[in-house]
Amino acid sequence: MKILRSAVRVYSALLVIALIWVYFQDRLSWSLFWPLEIEALVLQGAAGLATALFMILLSIYASKNFLWAQMLEDEVSKILVPLQVWEIGAIAILSGVAEEVFFRGAFQPVFGLVPASLLFGLAHLVPRKEFLPWSFYAVFAGFLLGSVFELTRSLLPVVLAHTLVNFVLIVILNRRHYMQPA
């Protein structure tokens, strides 16, 4: 529960900052978050789901095949295990919405894809060598999500992808580490 309280505080502040920044860019509208046409909604939803599936499969593959990914998973599990499914859902939604509104919705239109992706990786930097791969993966994820944002000009697919990736991977992490005997 402590991690959830911290997440609520951090992500609420980040979301408020991002929304104010987007407002002062004169870009705050429903269409930035939700397409007005049904065809665009379906296409953006599919883009978000496809992006999430790719990132989830890539993460699972890395965890099964690379020692650095297994070590990272062990370290992250010390922070995110055990959590209940509703807590995982809350953290996934908070992080997906706040980070995407900030990095893709506010920062990227001003500074561009490359700086936004690098800052996204830097925001995921934990000053311990076990977490370094997470930062590199975050840079990659930033480029991927930023590219989807550039193609769609909408936050819907990137928020959907980010939220699903976080939710599924944290659920998997909890099932692997909480349900295994020590």
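Between segment 1-36 and segment 133-154, what is the C-alpha centre distance in whole Å? The two parts, judged by their Cα centres, are 18 Å apart.
Taken per residue, the accessible surface of the chain reaches 56 Å², heavy atoms only and a 1.4 Å probe.
So, with a 1.4 angstrom probe, what is the percent of accessible area on the chain that is carbon and sulfur? On the chain, the fraction of accessible area on carbon and sulfur atoms equals 72 percent. Hey, for a label at Arg27 modelled as a point 7 Å past Cα toward Cβ, could you say which residues of segment 86-128 have their backbone N under 14 Å away? It comes to 100-117, nothing else. Peptides 151-158, 10-17, 167-174, 32-39 ordered by packing proxy, namely the average of other Cβ atoms within 10 Å per residue, highest first: 151-158, 167-174, 10-17, 32-39. Along segment 57-67 the Karplus relation, 6.51 cos²θ - 1.76 cosθ + 1.60 evaluated at θ = phi - 60°, assigns HN-Hα couplings of 4, 4, 5, 5, 4, 4, 5, 8, 10, 10, 4 Hz to successive residues, with x for each Gly and Pro.
Once you reduce segment 55-74 and segment 109-132 to the center of their Cα atoms, the two points are 19 Å from each other. When the alpha carbon coordinates of segment 59-156 are projected onto the principal axes, the ranges are 36, 29, 25 Å, largest first.
Here the Karplus relation 6.51 cos²θ - 1.76 cosθ + 1.60, evaluated at θ = phi - 60°, turns the backbone of segment 119-132 into coupling constants of 5, 4, x, 5, 5, 9, 7, 10, x, 9, 4, 5, 9, 4 Hz, with x for every Gly and Pro. For the chain, the spread of Cα coordinates along the three principal axes comes to 53, 31, 31 Å, biggest extent given first. Farthest toward the positive end of the dipole of the chain, out of Leu122, Ser31, Ala50, is the Cα of Leu122, where the dipole comes from beta carbon charges about the Cα centre. Put a dot 7 Å past the Cα of Phe66, heading toward its Cβ, do the same for Leu151, and the two dots end up 2.2 nm apart. When shorter helices are ignored and each DSSP H run of at least 4 residues is given -39500 (n - 2.57), the per-residue value for the chain at 222 nm works out to -26000 deg cm²/dmol. Using Stokes-Einstein with the Kirkwood hydrodynamic radius over Cα pairs, what translational diffusion coefficient do you get for segment 105-182 at 10 °C and a viscosity of 1.306 mPa s, in µm²/s rounded to a whole number? The Stokes-Einstein estimate is 115 µm²/s.
The values are calculated or read from the model by the stated rules, or taken from the named source; none is laboratory data. Owing to the predicted nature of the structure, the values given are computational and were not obtained by experimental measurement. Every residue, glycine as well, gets a Cβ built from its backbone with ideal geometry; the counts of neighbours run over all protein chains shown. All accessible areas refer to the heavy atoms of the entire protein, side chains included, with ligands and DNA or RNA removed. Shrake-Rupley method; radii C 1.70, N 1.55, O 1.52, S 1.80 Å.
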